[in-house]
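Data first, discussion second: the structure below is written as structure tokens.
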Amino acid sequence: MDSFILKNMKRFRFLLMLTLGVLLLAACEPDPSFEASQLVGKWKNGTEYWRYDSNFSGATWDTGDDVTEAEAQPFTWTLEGDQLTQLHQMEMGGVVPKVYTITALSASSLTYKDNYNQSFTFTRVQ
């Protein structure tokens, strides 16, 4: 009788470990990753424009505030996986970092969320 219990305990332990292993592998989904080249170009959301250049610089302006592309605020940017980081250069000096999580990026559409979980969607204009 004791060998029967011992044999079943070993089977139970094996099945438990196997189940835990499968659950751990299923839970480990890779983070989405986007290519920086996909982001290069000019994007629009209402009257707000963002331009991402291939040299990792860019500019933002809002025609609703009567600001043109020539008067745009410059920034540099990096894209690692789904994390888009922008470093905005202020006119009076200093840098303001902004970090976004890209949730969708195609040839014509860009969607990302900020740290407050607010979502922004842009369409490519050029």
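The values are calculated or read from the model by the stated rules, or taken from the named source; none is laboratory data. Model, not experiment: these values are computed from the prediction. All Cβ positions, glycine included, derive from the backbone under ideal geometry; neighbour counts span all protein chains shown. Only protein heavy atoms, including side chains, enter the accessible area calculation; ligands, DNA and RNA are left aside. Shrake-Rupley method; radii C 1.70, N 1.55, O 1.52, S 1.80 Å.
Per-structure values
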quantity	calculated
Accessible area of SER37 in the full protein assembly, 1.4 Å probe (Å², nearest 10)	90
Stretchable slack from MET17 to SER57, in nm (0.36 nm times residue separation minus alpha-carbon distance)	9.4 nm
Percent carbon-and-sulfur accessible area, the range 58-126, ignoring ligands, DNA and RNA, probe 1.4 Å	52
Projected label distance in nm at SER37 and LYS113, using a 7 Å step from Cα toward the beta-carbon	2.9
Additional length obtainable on full extension of the chain from GLU69 to THR47, 0.36 nm per residue less Cα span	6.7 nm
MET92, MET17, reordered so the largest accessible area comes first (probe 1.4 Å)	MET92, MET17
In Å², nearest 10: area of THR103 left accessible to a 1.4 Å probe	70
LEU87 - accessible surface, heavy atoms, 1.4 Å probe, Å² rounded to 10	70
Solvent exposure of the range 28-101 as accessible area per residue, Å², 1.4 Å probe	60
